[in-house]
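Derivation of every value follows stated rules applied to the coordinates shown; laboratory data play no part. Quantities reported herein were computed from a predicted structural model and do not represent experimental measurements. We place every Cβ from the backbone using ideal geometry, glycine too, and count neighbours over all the protein chains shown.
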Amino acid sequence: MEIELKVNKLQVFDEVAKTTAYVGHKMPPAEGTDPYTTIFTTDEDQEMLERYWNEAANSATDTLKEYVSALSEWSQPHGTDPTNDYEVTLDMTSNWDARLATTIQSSLFSYFVNYVCAKWFMLTNKSEAEGYTALATGHMDDIISKLYHRVRPQRPNDTPSIGLGMSH
Amino acid sequence: MLKERTKSVRLEFLRTQLLYDIKNIAYVEGDVMEEGKQHTRHQVQDIGEKGNIDLVTRMMDVAVAECVEMLYPYSKKEVDSSTYMDDILQETDRYIVEMLVPDDFSRTTVTLIERYIHEFICYRVLAGWFTVSAPDLASKWLAKQEAAEVAIKDTLNARIGRVRKTQTPF
């Protein structure tokens with residue numbers, strides 16, 4: 001069974017912008033600096049964020065590689081392309097719990113957001129970086145756990161063959 | 001002189017039924033595995049999945065062949081004047097074991113043998129699979145496989161019964 005996961009780059013960067021804006025806004029001003037302007041991501045930071053996006057995509061692919069059957073071209077080594085989403089098709093086993101597909105999609109999105117935030121905070125707000133790294137790791141662990149979850153086999157509905165023998 | 005056997009017994013082992021039991025046991029073994037062994041767990045539980053199923057088929061083929069050999073006194077078939085066999089992997093819907101048995105062969109014995117053979121095939125496959133995917137589990141299922149094998153042989157031997165030689169030739 002195949003599942004398709006898609007992480008929309010624009011939505012991830014929107015979420016990163018919201019998170020950084022919120023963190024910057026809540027942080028008390030330090031001497032001579034405005035945390036909001038330092039922490040909040042702007043269009044000028046896009047190239048840097050793009051690199052973090054690529055790192056997150058690489059890392060996600062590495063984790064999912066056991067099941068990857070198709071992968072989009074997400075990498076933009078030069079310049080930025082906001083429409084270049086991360087799309088991956090996973091070839092799951094028949095005993096995998098398909099009900100988990102939606103939550104895996106959600107966890108993958110959160111992983112991207114937290115990974116990019118963690119990397120960004122390593123430059124702009126080190127005190128928050130560790131927490132966001134842990135969040136990203138937690139989301140990836142959650143994805144792995146769900147990918148490895150299996151359902152119990154279903155009892156086959158066989159009928160005995162007619163004859164002298166015995167079937168089991 | 002041995003009396004010619006006229007009663008035939010046909011035992012059928014459905015692939016779906018064997019696989020269900022094999023997968024079910026593998027599922028439980030994986031489910032009770034301690035946390036932190038996620039990768040091993042899914043390898044254990046994926047016994048019937050793509051790729052792995054080919055190994056399982058091979059193991060089932062061998063297990064059935066071993067059972068037929070165990071039943072040799074009743075399952076013996078002479079080779080044709082020209083016999084050809086190859087090792088191309090083939091999945092069969094059902095394994096069939098045919099026996100020619102003495103007239104007084106008990107139906108209860110047939111039932112018991114049939115049950116034991118089913119167990120033997122399942123345990124043999126599980127032991128083989130766990131040897132690869134979770135060596136810690138292998139010895140337990142190998143012991144069960146051996147116990148099933150002994151049970152099959154004991155059932156056959158009990159059926160044959162003890163022959164008492166007379167003390168005197170007269």
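Summary table
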quantity	calculated
Cα centroid separation - segment B:1-58 against segment A:92-168, whole Å	26 Å
Tensor-based shape of segment B:57-141 (alpha-carbon gyration tensor, a/c under 1.5 rounded, otherwise prolate or oblate)	oblate
Loop sites in segment A:70-146: GluC sites (Glu not before Pro), DSSP, at most 14 other Cβ within 10 Å	A:GLU73
Exposed-loop-free span, longest in chain B, where GluC sites (Glu not before Pro) count as exposed if DSSP calls them loop and at most 13 other C-beta atoms lie within 10 Å	B:92-170
Efficiency of FRET between A:LYS26 and A:ASP62 - r from beta-carbon atoms, R0 41 angstrom, step 0.05	0.75
Loop trypsin sites (Lys or Arg not before Pro), segment B:1-54, which have at most 15 other Cβ atoms in a 10 Å radius of their Cβ (DSSP)	B:LYS3, B:ARG5, B:LYS37, B:LYS50
Cα shape, the protein assembly as shown, gyration tensor, a/c 1.5 rule	prolate
Simple label model, 7 Å out from Cα along Cβ direction - B:LYS153 to A:SER94, nm	3.6 nm
